[in-house]
Amino acid sequence: MWVAGVDGCRAGWLVAFARPSGAEVRVRVMARFAEVLAAAENACVIAIDIPIGLPDRVGRGGRTAEGLVRPFLRERRSSVFSVPSRPALARVDYREACTMALATSDPPRKISRQLFMIRAKIHEVDTSLRNAPEVLDRVFEVHPELAFWRLNSNSALNEPKRRNGRRHEPGLDLRRRLLMAAGFPESVVYRHAPTGAGADDLLDGLACAAIARRIHAGLARPFPDPPERDAFGLPMAIWA
């Protein structure tokens, strides 16, 4: 039996397969989310750092889930993006997406360039889950910074992973120590990231796997609890 932590990377998706208990971990990079679902067919929990469940209209601050978890993260709160509406994310042109986002948000709000860069990944997962509702009971939305908050005894981290666009080693080492304390071996957390992924992607994928373990053990909770649902029945909650 396996659990899986999934984080986006430049080559697609970094997937950390881990036993629910024990030190065995396997890390792979896959190009498409459909490949992740196929490879994780025997995984009882798949915890992914991507929004699941998209609103038709957006209020101030985004979905309820985002508004609930930001206060826990303090300086890292900006890492939790406000997810635009599904109609806005369906647009492949940035100006068209902003126009639709303005029309489907209150107060009107455009899409940030940073979030639009992962639009394709959000759309990919959204489409996959709507086409395969049978996997919804195994796929959970998580967020790495909230995961590290939980692994750090419900305390926000005081070091970023990146500073001025470059790797910030004190922040990476802090996260490595938390992952080792959570049971991941030093050889895994200090390994070179697979081709197509960065060191931060590896650590984030492992953090997602840590929450997958907690979900499997019944130790995690969703924000909000119970999760809200979008128009297609997809849950809108971040787990930690």
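The values are calculated or read from the model by the stated rules, or taken from the named source; none is laboratory data. Worth saying up front: this structure is predicted, and the values here are computed from it rather than measured. As a convention, Cβ positions derive from the backbone with ideal geometry for all residues, glycine included, and neighbour counts pool all protein chains shown.
Under the condition of being within 15 Å of the chain's Cα centre (by Cα) and more than 23 Å from L37 (Cβ to Cβ), which residue from the stretch 147-164 is surrounded by the most Cβ atoms within 10 Å (Cβ to Cβ)? Break it down into steps so the answer makes sense when it comes.
So in the stretch 147-164, the residues within 15 Å of the chain's Cα centre (by Cα) come out as 147-150.
Adding the requirement that they be more than 23 Å from L37 (Cβ to Cβ) leaves 148-150.
Numbers: F148: 27, W149: 22, R150: 23.
Filtering the stretch 147-164 for residues that are within 15 Å of the chain's Cα centre (by Cα) and more than 23 Å from L37 (Cβ to Cβ), the one surrounded by the most Cβ atoms within 10 Å (Cβ to Cβ) comes out as F148.
Within the stretch 68-97, the set of residues being of a type in the set (G, A, S), more than 14 Å from A240 (Cβ to Cβ) and part of a helix (DSSP H, G or I) comprises S78, A88, A97.
A count restricted to the stretch 69-94 and to residues that are surrounded by fewer than 18 Cβ atoms within 10 Å (Cβ to Cβ) and under 18 Å from P144 (Cβ atoms) stands at 7. Looking across the stretch 10-37, the residues that are under 17 Å from P144 (Cα atoms) and buried (at least 23 other Cβ atoms within 10 Å of the Cβ) come down to W13, L14, V15, A16, A18. Among the residues of the stretch 30-51, write down those that are charged (D, E, K, R) and either on the phi > 0 side of the Ramachandran plot or in a loop (DSSP other than H, G, I, E, B) (or both). Answer for the stretch 30-51, where residues must be charged (D, E, K, R) and either on the phi > 0 side of the Ramachandran plot or in a loop (DSSP other than H, G, I, E, B) (or both): R32, E41, D49.
Within the stretch 52-68, the residues that satisfy the criterion of being more than 15 Å from the chain's Cα centre (by Cα) and on the phi > 0 side of the Ramachandran plot are G61, G62. Scan the stretch 43-56 and give yes if some residue there is farther than 22 Å from A220 by Cβ and among the small types (G, A, S), otherwise no. Within the stretch 43-56, not a single residue is farther than 22 Å from A220 by Cβ and among the small types (G, A, S). What do you reckon, is A132 within 22 Å of I215 (Cβ to Cβ), of a type in the set (A, V, I, L, M), modelled with pLDDT under 95 and surrounded by fewer than 18 Cβ atoms within 10 Å (Cβ to Cβ)? Answer is yes for this residue.
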